[in-house]
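This report refers to the structure that appears directly beneath it.
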Amino acid sequence: MTEVEFGKLGPAIGERFPVVILPTAGGNLLDLHGDRAGRAALVVFYRSAHW
Amino acid sequence: MELQGVVDKLDQAGYALYAISYDSPAVLDAFASKYGITYPLLSDEASAVIGALGLLNDEAAPQVVGIPHPGTFVLNRDGTVRSKHFYASYRERDTGIGVLEHLLGMDASSHGNIREVATDAVSIRAWFDTDTYAWGQRLWLTVELDVPSGLHVYGRPISEGYRALDVEVEPLDRLVVGKPMYPETKPFRVAGLDESFQVYDGRVRVQLPITFMVVDGGTLEIAVNVSFQACSATDCGIPQAVRLVLPIAEHPLVERPQRPQ
């Protein structure tokens with residue numbers, strides 16, 4: 001089983017999640033922290049909607 | 001997408017949900033329409049965010065580049081990262097669901113970061129009960145397996161030739177590792193055979209205590225080896241061994257012990 005250094009992937013625990021502004025499925029830009037509006041959140045990275 | 005099933009529960013629990021991939025908005029739009037997705041699907045077509053966060057995954061290269069390591073970040077209300085969960089398997093599956101169910105199922109007690117690995121059938125995750133250790137502190141390590149319905153994993157006593165569930169922590173200087181506590185097995189009789197096996201199925205939790213007799217250790221990486229064999233009523237898979245590495249940070253002491261033992 002391949003082992004990736006998961007502890008090092010992405011921002012560290014306790015670090016502020018970076019600003020993420022990306023287009024949505026609808027085509028409009030969404031600012032993640034702004035949209036969150038002070039709520040806790042789950043940000044899921046997945047390989048692809050296609051496969 | 002299985003995530004859609006838990007969106008309401010997440011919302012009630014006060015969590016927003018976002019999914020990010022490298023698909024174009026058009027692909028995401030078709031996907032959202034087809035599956036009735038109500039939470040934001042974000043398009044990182046240039047993999048700019050995926051790359052900037054250090055999540056680029058080269059497992060499928062050179063055929064496919066720009067995909068992320070599948071995983072989930074849980075953010076606190078102030079936008080800081082509370083925990084992150086990554087998966088060794090790149091196969092087609094919704095890797096967020098196990099974490100979400102776990103998150104929603106949790107009570108008010110805190111827990112440390114969860115590390116998870118998905119094998120062909122069984123998912124394994126592990127966590128400490130807190131994110132930091134202090135000198136002399138005893139923490140509990142929990143290893144949890146999700147055995148899909150129709151399969152079971154062997155426990156002890158075990159017949160010759162089969163692999164029983166075993167959880168072992170790799171020794172580390174100054175760590176005192178206690179005996180793992182395994183749950184009760186249940187008997188499983190294979191039709192046509194006289195033998196009865198002791199097995200586990202569904203969600204299986206093994207816990208063991210670790211005492212940290214460490215000062216100035218900084219962040220430690222605790223490696224846990226989980227070996228098991230999953231079988232159905234008719235076939236057995238090959239014995240598997242999975243290694244999870246759990247980082248745990250040191251909690252700064254206000255007063256240092258004069259003589260560490």
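The values are calculated or read from the model by the stated rules, or taken from the named source; none is laboratory data. Please read these numbers as outputs of a predicted model, since none were measured by experiment. Cβ placement follows ideal geometry from the backbone for every residue including glycine, while neighbour counts extend to all protein chains displayed.
Looking at segment B:11-24, is at least one residue more than 7 Å from chain A (Cβ to nearest Cβ), touching a residue at least 60 places away in the same chain (Cβ under 8 Å) and under 18 Å from A:ASP35 (Cβ atoms)?
Checking segment B:11-24: at least one residue is more than 7 Å from chain A (Cβ to nearest Cβ), touching a residue at least 60 places away in the same chain (Cβ under 8 Å) and under 18 Å from A:ASP35 (Cβ atoms).
Yes or no: B:LEU3 at the interface with chain A (Cβ under 7 Å from one of its Cβ atoms), touching a helix residue (DSSP H, G or I) at 6+ places or on another chain (Cβ under 7 Å), over 21 Å from A:ARG16 (Cα atoms) and among the aliphatic types (A, V, I, L, M)?
For B:LEU3, the condition - at the interface with chain A (Cβ under 7 Å from one of its Cβ atoms), touching a helix residue (DSSP H, G or I) at 6+ places or on another chain (Cβ under 7 Å), over 21 Å from A:ARG16 (Cα atoms) and among the aliphatic types (A, V, I, L, M) - is met.
For segment B:157-166, state whether one or more residues are in the same structural domain as B:PHE228 (by TED's automatic domain parsing), surrounded by 16 or more Cβ atoms within 10 Å (Cβ to Cβ), more than 29 Å from B:ILE248 (Cα to Cα) and touching an Asp or Glu at 6+ places or on another chain (Cβ under 9 Å).
Checking segment B:157-166: not a single residue is in the same structural domain as B:PHE228 (by TED's automatic domain parsing), surrounded by 16 or more Cβ atoms within 10 Å (Cβ to Cβ), more than 29 Å from B:ILE248 (Cα to Cα) and touching an Asp or Glu at 6+ places or on another chain (Cβ under 9 Å).
Taking the criterion of being farther than 19 Å from B:SER123 by Cα, surrounded by fewer than 18 Cβ atoms within 10 Å (Cβ to Cβ) and in the same structural domain as B:PRO157 (by TED's automatic domain parsing), would at least one residue in segment B:237-248 satisfy it?
no
Can you name the number of the only condition in (1) in a helix (DSSP H, G or I); (2) surrounded by fewer than 20 Cβ atoms within 10 Å (Cβ to Cβ) that B:THR38 fails?
Only one criterion in (1) in a helix (DSSP H, G or I); (2) surrounded by fewer than 20 Cβ atoms within 10 Å (Cβ to Cβ) is unmet by B:THR38, namely (1).
Restricting to segment B:124-183, name every residue that is part of a loop (DSSP other than H, G, I, E, B), closer than 23 Å to B:PRO239 by Cα and touching a residue at least 60 places away in the same chain (Cβ under 8 Å).
Correct list: B:GLY150, B:LEU151, B:TYR162, B:ARG163, B:ALA164, B:LEU165.
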